[in-house]
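Asker: Take a look at this one; I'll ask things after.
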Amino acid sequence: MAVRAKHVLLIAALVVMALICTADALKPKRIRIQFYMHDIVGGPNPTAVRVAGRLTNYTGSDPIAATFGSVSVMDNPLTVTPDPNSTVIGRAQGIYASSSQHREFSLLMTLTYVFISGPYNGSSFSVVGLNPVMSEVREMPVVGGTGIFRLARGYCFARTYSLDQVDAIIGYNVTLYTKPKSHNHYG
């Protein structure tokens, strides 16, 4: 009888250990990334280009309302430091649109941040949300990702590092929560 009780205890202990290991393996992984995005609108080699805007001439005096409805497409470099000559680690590709008519200049951002070197090479995450550009720090949601960032969720904080007329360097601090690696047939 004592041997049987020991076997039951041993099996129970193994089951508990397996459950604990499985629970730890299923916990989302937190990844933090910092980089700089270079949004170049002016000059001979822009990385962001306006592709749509108002169809009629705006006659008001509000400069924010004058840009309402403008849509730009971007392919901005992401670098390790704010220096434009620092290592390029990726690209921010997508669309932003002027979405405010009053008081606060805001952009609706639909962007994918694609990494082309470093530990996240071949992975990307996407941000969709409002960017109140004139705020010192802007928070936007991360809504998904690929590669290492598959099924990512999280948030990013953007802060304008420098602004030269229409060209800007924006610092990003990103926190991502990713699911454990899938063991399906596709990756």
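Asker: Loop-only check: which trypsin sites (Lys or Arg not before Pro) in region 54-138 are DSSP coil with at most 11 other Cβ within 10 angstrom?
Answerer: Qualifying residues, ordered by number: R103.
Asker: Can you pull the three principal axis extents for the Cα set of region 30-187, in Å, largest first?
Answerer: Taking max minus min along each principal axis of the Cα atoms, region 30-187 gives 58, 31, 26 Å.
Asker: Right, another one. If each residue of separation counts as 0.36 nm, what is the full-extension length gain between V143 and V128 once their alpha-carbon separation is subtracted?
Answerer: 4.7 nm
Asker: Here's another thing I want to ask about it. Given a Förster distance of 22 angstrom, what is the FRET efficiency for N85 paired with N173, based on the Cβ-Cβ distance and rounded to 0.05? Walk me through the numbers on the way to the answer.
Answerer: Numbers: r = 22 Å, r/R0 = 1.00.
Calculated value: 0.50.
Asker: For V41 and L151, what does the FRET efficiency come to when R0 = 30 Å and r is the distance between their Cβ atoms, rounded to the nearest 0.05?
Answerer: It comes to 0.35.
Quick note: the coordinates plus some simple rules give every number you see, no bench work behind them. None of the values given here were measured: they were computed from a predicted structure. Cβ: placed from backbone, ideal geometry, glycine included. Neighbour counts: every protein chain shown.
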